[in-house]
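Engineer: Quick one: this structure, given as structure tokens, is what I'll be asking you about.
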Amino acid sequence: MTQARFNAFMASTDVADTFQAFKDICTLDLPSEPQSPTSSFYETFKAAVAPRVIYRQKTLFAVLDRKLVAARAGRVVSTKPFEPKRFVVSGAGPCGLRAAVELAAIGHSVTVVELRKDFSRHNMIKTWRGTVMDLGTLGLGQYTGFAPHGMLHLETRVIQLVLLKTALLFGVRVSYDVGVCGLVDPAFHPTESNRFAAWTLPSVDARAACRCRSATAAPAADEPAELALKPSGVDDIEATGERRSKVDFIQRAVTADGAVLPRNGTLDPRATLLEFDGLMIAEGEASTLLRHLGFDRKYARFAEAIGMVVNLEFSPAVATAQRGVRSPELLLKEFVIGRTQAGWSKGILGDLDRAGVQIENVEYMRGLRTHFMVVTVKRASLLAAKVIKEDLGAIRDTLTASNVDLVELRRFARSIASSAGIPSDAPFCDRHGVQLFDFSSKAMTMQSTRTLESETGARAFVLPIGDAFQAPFWPQGLGVNRGFQTTLDAVHAAHTFFADSPDAALEERAFSRRTSEWMTLQDSHLRPPTAEEPWTCDPVSRYDIAIYKMIHKHDMADKNVLLSRAGFWKDRPAFDDSDGQAVAAARIPMPKRISEALGLVDTRGRAIVSPGA
């Protein structure tokens with residue numbers, strides 16, 4: 001029965017159940033042939049399923065209909081008819097899936113590959129209201145029943161679940177337990193349609209291939225989750241990187257084309273080829289693919305900072321509580337407290353301090369099924385609690401598996417959780433129950449794009465997104481929130497590359513990067529999306545006009561910008577955005593499309609908003 005199968009799809013909570021429910025619907029309810037040659041997968045799915053489900057579930061299709069209308073109305077204005085392109089997204093984290101959904105909504109063909117087998121992250125993310133509303137335009141309320149309230153936060157896995165389901169409905173092909181090992185140039189190894197291709201292997205083999213290619217590869221699948229540290233890279237680049245200042249370092253790419261299988265190379269016979277016109281790399285900060293495609297990375301180092309994340313399931317008392325009676329642990333108030341706040345000694349920090357445990361700050365949030373705590377802890381406290389066996393100097397060395405007592409780490413985490421009121425019988429989550437990580441630095445790629453060109457004439461556009469592009473300073477809480485914005489900026493550039501021109505794409509991407517960095521991006525700097533006007537990949541639909549006005553006013557007052565504007569993009573191939581100082585000095589001009597759309601200049605390029613406005 002269609003209703004029952006769709007119920008299973010809507011209620012699924014993990015990758016396997018979602019795929020099985022979706023497969024059942026596709027096999028048993030969808031016609032073998034689309035209604036018409038021009039019908040999209042989503043239109044075929046909706047026509048077969050929507051008439052057979054209850055009214056409340058029909059609202060999902062109404063929400064997604066509005067999203068598709070907005071996305072396609074926002075396509076780049078071009079004299080050329082729209083031509084769908086093939087995109088591969090490497091990484092199914094929140095930003096990778098967000099990119100896939102937007103590309104598919106525009107009308108492109110998208111394939112996503114992910115090394116993990118399932119949603120392994122329980123972490124809570126403090127979400128901006130705009131981020132939650134954006135997810136609402138993609139089905140959040142229909143899939144989970146979530147409604148914005150109080151201190152907004154969502155589990156990473158919930159964000160991924162919502163985006164995965166909508167991606168499947170939009171026709172995105174998603175493969176878990178698979179990884180991208182490298183790229184294939186059609187001039188060296190012919191591909192079916194003369195496109196560049198990503199070659200993939202099952203995750204175990206893909207991880208091995210990455211470890212062989214680089215010593216900085218992601219941790220092996222069997223490494224203790226507690227020590228799957230967020231890699232800062234700072235310890236390495238102090239010795240091997242370029243120092244720009246006391247706190248700024250540059251880590252140059254290992255190679256420019258090392259990820260491309262050489263002419264005399266042999267393709268693994270087990271490999272699957274995924275041809276693409278555009279490649280979005282969402283593999284996180286430790287991406288080896290980027291390091292071998294010529295992407296440099298800049299780091300800003302701060303004082304040593306060690307974080308500890310604790311994920312606990314609800315205690316058995318929650319499941320056994322009488323109907324209508326809430327377990328006390330579900331009445332715990334969420335909180336954030338640090339030593340800089342007045343009265344900190346009267347709460348949990350004071351209790352821990354008197355017990356000899358010194359931590360800088362602690363935050364507690366509760367999800368649908370789990371408790372979540374994140375703590376900034378001093379190295380001395382970890383040593384005193386015997387979590388660290390000995391101080392080996394650098395964080396990367398000190399927190400190696402052989403130097404951390406996992407039993408003591410869990411005991412330490414349990415003591416902090418108990419101080420917050422979490423019952424002692426609340427079990428640690430199976431995966432990432434407690435995890436240490438280093439957030440002593442933040443990093444960003446120095447190039448926003450890369451164009452691959454083959455002797456055959458094939459061309460492909462490569463863009464890093466999410467933490468692979470920009471890994472922000474953790475306490476700022478900008479990860480997914482800002483990640484969604486820079487990801488949508490990248491999607492806009494990728495679409496513009498093919499719908500308009502490569503030069504227009506480079507201009508749009510460079511200026512959107514300037515816009516997002518104009519000030520520390522906050523929720524108030526964005527236009528709130530609505531059901532009628534959801535965010536699209538076009539930056540004008542998302543960034544508040546006030547930011548554009550500030551940039552415009554600044555540029556109008558700067559004669560150097562006015563003088564350089566006309567010729568700035570003329571010699572674009574010679575412009576290297578790897579030099580951050582050059583980018584800042586150049587003050588990348590606002591694209592005429594944006595200034596005209598916002599009414600900042602007239603059609604002849606004359607300013608409407610004067611410098612004194």
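The values are calculated or read from the model by the stated rules, or taken from the named source; none is laboratory data. Keep in mind that what you see is a predicted model, and the values were worked out from it rather than measured. We place every Cβ from the backbone using ideal geometry, glycine too, and count neighbours over all the protein chains shown.
Engineer: Among the listed residues LYS117, LYS165, which satisfies the condition of being of a type in the set (Lys, Arg) and in contact with a Gly (Cβ under 9 Å, 6 or more places away or on another chain)?
Structural biologist: Only one candidate qualifies: LYS165.
Engineer: Still on this model: Can you pull out every residue in segment 429-468 that is at pLDDT 95 or above and either of a type in the set (D, E, K, R) or in a strand (DSSP E or B) (or both)?
Structural biologist: Of everything in segment 429-468, those that are at pLDDT 95 or above and either of a type in the set (D, E, K, R) or in a strand (DSSP E or B) (or both) turn out to be ARG450, THR451, LEU452, GLU453, GLU455, ARG459, ALA460, PHE461, VAL462, LEU463, PRO464.
Engineer: Testing SER501 on (1) at pLDDT 95 or above; (2) more than 28 Å from PHE437 (Cβ to Cβ), one condition comes back false. Which one is that?
Structural biologist: (1)
Engineer: Residues in segment 26-47 that are under 23 Å from HIS108 (Cα atoms), without any contact (Cβ under 8 Å) to a residue 40 or more places away in the chain, in a helix (DSSP H, G or I) and hydrophobic (A, V, I, L, M, F, W, C): how many?
Structural biologist: So the count comes out to 2.
Engineer: How many residues, within segment 393-423, are touching a residue at least 60 places away in the same chain (Cβ under 8 Å) and not in a helix (DSSP H, G or I)?
Structural biologist: 8
Engineer: Hey, among THR496, THR536, THR520, which residue is modelled with pLDDT of 90 or more and not in a helix (DSSP H, G or I)?
Structural biologist: THR536
Engineer: The conditions are (1) over 30 Å from SER440 (Cα atoms); (2) outside any loop (DSSP other than H, G, I, E, B), and ASP268 fails exactly one of them. Which is it?
Structural biologist: Only one criterion in (1) over 30 Å from SER440 (Cα atoms); (2) outside any loop (DSSP other than H, G, I, E, B) is unmet by ASP268, namely (2).
Engineer: Would you confirm whether any residue within segment 124-133 is over 25 Å from HIS432 (Cβ atoms) and either touching a Phe, Trp or Tyr at 6+ places or on another chain (Cβ under 9 Å) or buried (at least 22 other Cβ atoms within 10 Å of the Cβ) (or both)?
Structural biologist: yes
Engineer: When residues of segment 17-53 are filtered for being touching a strand residue (DSSP E or B) at 6+ places or on another chain (Cβ under 9 Å) and aliphatic (A, V, I, L, M), how many remain? Steps first, please.
Structural biologist: Within segment 17-53, the first condition is being touching a strand residue (DSSP E or B) at 6+ places or on another chain (Cβ under 9 Å), and the residues that meet it are 19.
Right, trim to aliphatic (A, V, I, L, M) and you get none.
Here the count works out to 0.
Engineer: So LYS85 passes all but one of these: (1) more than 30 Å from ALA460 (Cα to Cα); (2) at pLDDT 90 or above. Which condition number does it fail?
Structural biologist: Single failed check for LYS85: (1).
Engineer: What tally of residues in segment 166-189 results from selecting those that are touching a strand residue (DSSP E or B) at 6+ places or on another chain (Cβ under 9 Å) and closer than 21 Å to LEU140 by Cβ?
Structural biologist: Number satisfying all stated conditions: 6.
Engineer: Sticking with this one: What are the residues in segment 214-255 that are in contact with a His (Cβ under 8 Å, 6 or more places away or on another chain) and modelled with pLDDT of 80 or more, if any?
Structural biologist: Of everything in segment 214-255, those that are in contact with a His (Cβ under 8 Å, 6 or more places away or on another chain) and modelled with pLDDT of 80 or more turn out to be ALA253, VAL254, THR255.
Engineer: So, of the residues in segment 514-552 that are acidic (Asp, Glu) and under 20 Å from ARG75 (Cβ atoms), which turns out to be farthest from the chain's Cα centre (by Cα)?
Structural biologist: Ranking the candidates gives GLU532 first.
Engineer: If we keep just the residues of segment 317-342 that are charged (D, E, K, R) and free of Cβ contacts under 8 Å to residues at least 60 places away in the same chain, which is surrounded by the fewest Cβ atoms within 10 Å (Cβ to Cβ)?
Structural biologist: ARG323
Engineer: Okay, moving on. Please find, among PHE87, PHE41, the residue that is surrounded by fewer than 20 Cβ atoms within 10 Å (Cβ to Cβ) and touching a Gly at 6+ places or on another chain (Cβ under 6 Å). Spell out the reasoning first.
Structural biologist: Working: PHE87 fails: surrounded by fewer than 20 Cβ atoms within 10 Å (Cβ to Cβ).
Just one listed residue meets the conditions, PHE41.
Engineer: Could you tell me which numbered condition SER120 fails, if it satisfies all but one of (1) touching a residue at least 40 places away in the same chain (Cβ under 8 Å); (2) farther than 22 Å from LEU274 by Cα; (3) surrounded by 19 or more Cβ atoms within 10 Å (Cβ to Cβ)?
Structural biologist: Of the numbered conditions (1) touching a residue at least 40 places away in the same chain (Cβ under 8 Å); (2) farther than 22 Å from LEU274 by Cα; (3) surrounded by 19 or more Cβ atoms within 10 Å (Cβ to Cβ), the odd one out for SER120 is (3).
Engineer: Suppose we filter segment 338-369 for residues that are under 25 Å from GLU304 (Cβ atoms) and among the charged types (D, E, K, R); how many remain?
Structural biologist: Number of matching residues: 6.
Engineer: Taking the criterion of being over 25 Å from ALA426 (Cβ atoms), of a type in the set (Gly, Ala, Ser) and touching a Pro at 6+ places or on another chain (Cβ under 9 Å), would at least one residue in segment 397-413 satisfy it?
Structural biologist: yes
Engineer: Separate question: Quick check, is SER512 out of contact with any Pro (no Cβ under 7 Å at 6 or more places or on another chain), free of Cβ contacts under 8 Å to residues at least 60 places away in the same chain and farther than 20 Å from ALA300 by Cα?
Structural biologist: When the stated conditions are applied, SER512 does not pass them.
Engineer: What are the pairs with Cβ atoms under 6 angstrom where one residue, in segment 270-291, is within 25 Å of ALA471 (Cβ to Cβ) and the other, located anywhere, is assigned to a helix (DSSP H, G or I) and charged (D, E, K, R)? Sequence gap at least six, or different chains.
Structural biologist: Qualifying pairs under 6 Å: GLY284/ASP467; GLU285/ASP467; THR288/ARG213.
Engineer: Additional query: Tally the residues that are in a helix (DSSP H, G or I), surrounded by 13 or more Cβ atoms within 10 Å (Cβ to Cβ) and not basic (Lys, Arg), restricting the search to segment 4-19. Talk me through it step by step, then tell me what you get.
Structural biologist: The initial filter retains those residues of segment 4-19 that are in a helix (DSSP H, G or I), namely 4-11, 15-19.
Checking the rest, the ones that are also surrounded by 13 or more Cβ atoms within 10 Å (Cβ to Cβ) come to 5-10, 15, 17-19.
This time we only want the ones that are not basic (Lys, Arg), so: 6-10, 15, 17-19.
Number satisfying all stated conditions: 9.
Engineer: Of a type in the set (A, V, I, L, M, F, W, C), surrounded by fewer than 16 Cβ atoms within 10 Å (Cβ to Cβ), at negative phi and in contact (Cβ under 8 Å) with a residue 60 or more places away in the chain: is that true of LEU267 in this structure?
Structural biologist: Details: of a type in the set (A, V, I, L, M, F, W, C): yes; surrounded by fewer than 16 Cβ atoms within 10 Å (Cβ to Cβ): yes; at negative phi: yes; in contact (Cβ under 8 Å) with a residue 60 or more places away in the chain: yes.
Spelling it out, LEU267 is indeed of a type in the set (A, V, I, L, M, F, W, C), surrounded by fewer than 16 Cβ atoms within 10 Å (Cβ to Cβ), at negative phi and in contact (Cβ under 8 Å) with a residue 60 or more places away in the chain.
Engineer: Scan segment 80-103 residue by residue and report those that are part of a helix (DSSP H, G or I) and either under 17 Å from THR496 (Cβ atoms) or without any contact (Cβ under 8 Å) to a residue 12 or more places away in the chain (or both).
Structural biologist: ALA99, GLU102, LEU103, listed by residue number.
Engineer: Kindly check whether there is at least one residue in segment 306-316 that is surrounded by fewer than 21 Cβ atoms within 10 Å (Cβ to Cβ) and in a helix (DSSP H, G or I).
Structural biologist: yes
Engineer: Among the residues of segment 169-180, is any under 30 Å from GLU455 (Cβ atoms), buried (at least 18 other Cβ atoms within 10 Å of the Cβ) and out of contact with any Pro (no Cβ under 9 Å at 6 or more places or on another chain)?
Structural biologist: Taking every residue of segment 169-180 in turn, at least one turns out to be under 30 Å from GLU455 (Cβ atoms), buried (at least 18 other Cβ atoms within 10 Å of the Cβ) and out of contact with any Pro (no Cβ under 9 Å at 6 or more places or on another chain).
Engineer: Return only the number of the condition from (1) among the aliphatic types (A, V, I, L, M); (2) surrounded by 14 or more Cβ atoms within 10 Å (Cβ to Cβ); (3) at pLDDT below 95 that LEU368 does not satisfy.
Structural biologist: The failed condition is (2).
Engineer: Now a separate question. Condition check: within 19 Å of THR496 (Cα to Cα) and modelled with pLDDT under 90. Does LYS570 satisfy that?
Structural biologist: Judged against the criteria, LYS570 is a match.
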